[in-house]
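Undergrad: First, the structure itself, so that you have it in front of you.
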Amino acid sequence: MSLPGKRDSFGSKFGIIAAAAGSAVGLGNIWKFPYITGQNGGGAFLLIYLLCVLLLGVPVMISEFTIGRSGKRNVFGSFKSLAPDSPWYFVGIMGVVAAFVILSFYSAVAGWTLEYIVKSLTIGFGNQSTGELSKAFSSFLAHPLRPVIWQLLFMLLTALIVVGGIKNGIERYNKFLMPILVFFLLLLCVRSVTLPGSEKGLSFLFKPDFSRVNIKTILFAMGQAFFSLSLGMGALITYASYFRKTDNLGRTAMTVSLADTMIAILAGVVIFPAVFSFNIEPTAGPSLVFITLPEIFSHLPLGNLFGLVFFILLAVAALTSTVSVLEVVVAYFSEELGISRKKATVLASVSISILGIFASLSFGPLSSFKLFGKSIFDLLDFIASNILLPGGGLLIVIFVGWYLNGKFVLNEVSNSGELKVKYFPVYLFIVRFIAPVAIAAIFIYSVFYGSLG
Ligand code: TRP
């Protein structure tokens, strides 16, 4: 089944952090987090989100790392090697399916960022009213070819990185792209907080207003924490299978979660002060980044330059995430079908792109085609974000908390006793009792009551 010979691995601590944070930091942080925060009351949502990351996100991430590094294979193979002769490999299959589905719609939105990079370089955003900007966005989406071409180009970029392998592809590009991302983000933060009237935006983001909080807000925050940290489908199981025996799983999970959360907050610091400074409603929803922000760029001195920086930032964030999702499928194909990485990359990216084209076209020529009352894009998003990710996350914590032996897990997170893991009892308690209940709540709610975002 698996290929004989030496498995690729990461070469440095920074490479691991950059790659795992690269997976986590994506459209979820810079596109979704600000608009979900905007719609759910700002500061209060942020506070609940932080609790979800700490109490749920970090333990689930450690669990994924544990499965991957001890399983030493792709997500399917890792379950198969840790639980031979049992149906647990099914969780691995779910992960591969989730990766396939997520990439098909995620690459569509990622492609839009390329259109907007070109827009900032060519016609720019100047002198256009909100009506015009919003019409430009919807006519771009309705175009039968443009979004598809950008999406395919984005898939090609992703495939070119993945085909290079771990050390020479994924690690190398993340080490280079993540610092650029942080630099661009800080640059935009400085611009935004120095706008007149920016304090209102900051107080919206940081001052909690608990009157807007209800059970739905909490479930939303948990769902968003899951998606943002790339949990639930084995992206981090796959990456962890390339970690070295000396890497500290607990510390890596903390660092990556902290980085992901900081970047989401900084994205909020870029967006809300600007939104308030120009008296725009912060609750615009998914169009916040593609209509509201261009409106701000159109009024700003050097607006096209800041627009360019912003959309490059968004594209880079998306690219380091799509790479991690494609790697799940590529590792599975190459190890389980016994084919070369090159063949596996072509097979995975072509087949995902075919499904992806339908996701893209569902904003245009296929917009009237509905299944279960949803467009193809929304249906794929729903299946992945509301069923496969929470379902996978639930099974992952049950697997680590109840199927694997506690001593085995301790041995893995402590690097065979090399590290002192003081928090271990707390970790085990969360993974056994708190996480399954919390994730089951998100799962049930999101399956029965529709989209959590
Ligand atoms: N976390 C990424 C984001 O915030 C998206 C992503 C990458 C993802 N890999 C994932 C989401 C795996 C869920 C599962 O945009």
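Undergrad: Below 8 Å, C-alpha to C-alpha, sequence gap of six or more: please give me the relative contact order for region 379-453 in percent. Intermediate results must be reported in sequence, preceding the final value.
TA: Working: 44 pairs, mean separation 40.0, N = 75.
It rounds to 53 percent for region 379-453.
Undergrad: Between residue 418 and residue 370, how many nm apart are label points set 7 Å from Cα along the C-beta direction?
TA: A separation of 5.7 nm, rounded to one decimal place.
Undergrad: Something else: Note down the magnitude of the dipole of region 112-213 about its Cα centre, charges +1 on Lys and Arg C-beta and -1 on Asp and Glu C-beta and zero elsewhere, to the nearest 20 debye.
TA: Details: 10 positive and 5 negative charges, 27 e Å.
Charge dipole of region 112-213: 120 debye, to the nearest 20.
Undergrad: Using alpha carbon centroids, what distance separates region 105-125 and region 292-334, in Å?
TA: Going from one Cα centre to the other spans 8 Å.
Undergrad: What dipole magnitude, in Debye to the nearest 20, does region 13-380 give about its Cα centre under +1 on Lys/Arg Cβ and -1 on Asp/Glu Cβ?
TA: 620
Undergrad: Quick one: angle between helix 341-361 and the longest Cα principal axis of the chain, in degrees between 0 and 90, rounded to 10, please.
TA: Approximately 40 degrees, to the nearest 10.
Undergrad: Shifting gears a bit: Expressed as an acute angle from 0 to 90° and rounded to the nearest 10, what is the orientation of the C-alpha long axis of helix 435-449 relative to the principal long axis of the chain?
TA: Computed tilt is about 50 degrees.
Undergrad: State to the nearest 20 debye the size of the charge dipole of region 265-374 about its Cα centre, where the only charges are +1 on K and R beta carbons and -1 on D and E beta carbons. List each step's numbers first, then the result.
TA: Details: 5 positive and 5 negative charges, 61 e Å.
With Lys and Arg at +1 and Asp and Glu at -1, about 300 debye.
Undergrad: Here is a follow-up. Counting pairs of alpha carbon atoms under 8 Å apart in space and at least six apart in sequence, what relative contact order in percent does the chain give?
TA: Worked out over the chain, it gives 34 percent.
Undergrad: Per DSSP H run of n ≥ 4, the term is -39500 (n - 2.57); total these for the chain, divide by its residue number, and report the mean residue ellipticity at 222 nm rounded to 500 deg cm²/dmol.
TA: Taken over the chain, the calculation gives -21500 deg cm²/dmol.
Undergrad: Also, I was wondering about something else. Would you tally the net charge around residue 305, using a Cβ to Cβ cut-off of less than 15 Å, leaving residue 305 out, and scoring K and R as +1, D and E as -1? Present the calculation step by step, with values, prior to reporting the outcome.
TA: Details: positive: 119, 191; negative: none.
Around residue 305, the surrounding residues sum to +2.
Undergrad: OK, next. Provide 211, 385, 367 in ascending order of the number of other Cβ atoms located within 10 Å of each residue's Cβ, fewest first.
TA: Least crowded to most crowded, the residues run 211, 367, 385.
Undergrad: Please compute the length gained on full extension between residue 51 and residue 426, using 0.36 nm multiplied by the number of residues separating them and subtracting their Cα-Cα distance.
TA: Full extension from residue 51 to residue 426 adds 133.5 nm.
Undergrad: Of 138, 349, 9, how do they rank once you tally other Cβ atoms within 10 Å and put the fewest first?
TA: Placing the least packed residue first, the sequence is 138, 9, 349.
Undergrad: Using the count of nearby Cβ atoms within 10 Å as a rough guide to exposure, how do 64, 295 rank from fewest to most?
TA: 295, 64
Undergrad: Once you put a point 7 Å from the Cα of residue 402 and another 7 Å from the Cα of residue 342, both along the Cβ direction, what distance in nm separates them?
TA: 4.7
Undergrad: Take the alpha-carbon centre of region 206-241, take the same for region 412-448, and report the distance between them in whole Å.
TA: Comparing the Cα centres of region 206-241 and region 412-448, I get a distance of 15 Å.
Undergrad: Farthest toward the dipole's positive end in region 120-244, which of 137, 196, 169, given Cβ charges of +1 (Lys, Arg) and -1 (Asp, Glu) about the Cα centre?
TA: Comparing the listed Cα positions along the dipole, 169 ranks first.
Every number in this text was worked out from the coordinates using simple rules, so none of it is lab data. Quick caveat, the model's predicted, so the values are computed rather than measured. Ideal geometry is used to build each Cβ from the backbone, glycine not excepted, and the neighbour counts take in all protein chains shown.
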